[in-house]
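A.B. asks: Before anything else, here's the structure in question.
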Amino acid sequence: MSLRIVSWNIQKGIGVDLRRDLRRTASVLSALSADVVGLQEVLRTAMLDQAAELARALDMELAWAAARPIPGGSYGNALLVRGRVIETRGHDLSVARREPRACLEALVETQGVALRVFVCHLGLSARERAAQIARVVDIVRAPSPRDAGATRVVLGDFNEWRGRAVESALAREFRDAPRPLPTHPSPWPVFALDRIAWDPALRGTVRVAPVGRASDHRALEATLDVS
């Protein structure tokens, strides 16, 4: 049995053509047909609830963690699951005098497999990211009683265009962490900003998935066999 897991920064539904078109975002995700989708830069307001709209369009369960409030709602990370969301927690990764950041942690079940999934969006400075990835490692090492037996998957936009703090931390914690692949900017990817890593109970590969003009990031897609 295999699982398909996707990580994608949707840039608030705004493409490289500067048009906001969530139907285009949903079309890309539908074509990827993943079991688990972690999204960054998602808006939730009374007038524009992107997380709920995508969950409905794809017929998936939703988990959410806000990174910061915005007028009429919040902005943050979403997780879509073809299965069920059992438990959700939000973790503040913010560093003083920098943009607020968050990690969404969710215990989910898909295809009968329990996963503990972490959707991250780290900051733009190297020092900020070093502090944030250390916090993320502390979080993934601290399961709740309900997490027993769940396989860990960490994904997101880690923004590491220079330095090695994130890459080194993930390699230490997840021995099968794949090498970084360029995902940004989406028309001609140069920077490996996005990552997926997993526990040894899963084995597989990651590829960069094209998204057309739907975002300035390409998506990362992991196809993982369950041992």
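The values are calculated or read from the model by the stated rules, or taken from the named source; none is laboratory data. Small disclaimer: the values here were computed from a predicted structure and weren't measured. Reconstructed Cβ throughout: ideal geometry from the backbone, glycine too, with neighbour counts over all protein chains shown. All accessible areas refer to the heavy atoms of the entire protein, side chains included, with ligands and DNA or RNA removed. Shrake-Rupley method; radii C 1.70, N 1.55, O 1.52, S 1.80 Å.
A.B. asks: Take the Cα pairs of region 48-164, get the Kirkwood Rh, then feed it into Stokes-Einstein at 20 °C and 1.002 mPa s and tell me D in µm²/s.
C.D. replies: 143
A.B. asks: Follow-up. Net charge within 11 Å of residue 209 by Cβ-Cβ distance, Lys/Arg positive one each and Asp/Glu negative one each, not counting residue 209 itself?
C.D. replies: Cβ neighbours under 11 Å give a net charge of +1.
A.B. asks: Between residue 144 and residue 207, what is 0.36 nm times their sequence separation minus the Cα-Cα distance? Round to one decimal in nm.
C.D. replies: Extra length from residue 144 to residue 207 when fully extended: 19.5 nm.
A.B. asks: Taking a ≥ b ≥ c as the square roots of the eigenvalues of the Cα gyration tensor of region 1-106, is the shape rounded (a/c under 1.5), prolate (a/b larger than b/c) or oblate?
C.D. replies: oblate
A.B. asks: For the chain, list log₁₀ I(q)/I(0) at each q in 0.08, 0.09, 0.14 Å⁻¹, using the Debye formula over Cα point scatterers of equal strength and ignoring solvent, two decimals each.
C.D. replies: Debye output, listed in q order: -0.24, -0.31, -0.80.
A.B. asks: Given charges of +1 on the Cβ of Lys and Arg and -1 on the Cβ of Asp and Glu, with all other atoms neutral, how large is the dipole of the chain about its Cα centre, in debye to the nearest 20?
C.D. replies: 440
A.B. asks: Right, here's the next one. If you restrict to DSSP beta bridges whose two residues both lie in the chain, what percentage is antiparallel, to the nearest 5?
C.D. replies: If I count the DSSP bridges inside the chain, around 80 percent turn out antiparallel.
A.B. asks: Could you give the size of the charge dipole of region 12-60 about its Cα centre, using +1 on the Cβ of each K and R and -1 on the Cβ of each D and E, expressed in debye and rounded to the nearest 20?
C.D. replies: Using only the charged Cβ atoms, the result is roughly 180 debye.
A.B. asks: Can you check what the Kirkwood hydrodynamic radius comes to for region 117-210, Cα pairs only, in Å to one decimal?
C.D. replies: So the Kirkwood estimate lands at 13.9 Å.
A.B. asks: Can you pull the percent of region 1-77's accessible area that's carbon plus sulfur, 1.4 Å probe, other chains left in place?
C.D. replies: 50
A.B. asks: Continuing with this model, one more query. Ignoring ligands, DNA and RNA, what percent of the 1.4 Å accessible area of region 82-151 is carbon and sulfur?
C.D. replies: 50
A.B. asks: For a test of the definition: using alpha carbon positions, the gyration tensor, and the 1.5 limit on a/c, classify region 49-107 as rounded, prolate or oblate.
C.D. replies: Oblate, because a/c is 1.5 or more while a/b does not exceed b/c.
A.B. asks: Which net charge results when you count Lys and Arg as +1 and Asp and Glu as -1 among the other residues whose beta-carbon is under 10 Å from that of residue 119?
C.D. replies: Counting the neighbours of residue 119, the net charge comes to -2.
A.B. asks: A further question on this structure: Given a 1.4 Å probe, how much area per residue of region 1-89 is accessible, in Å²?
C.D. replies: I get 44 Å² per residue for region 1-89.
A.B. asks: Between region 1-36 and region 130-208, how many Å separate their Cα centres?
C.D. replies: For region 1-36 versus region 130-208, the Cα centre distance is 19 Å.
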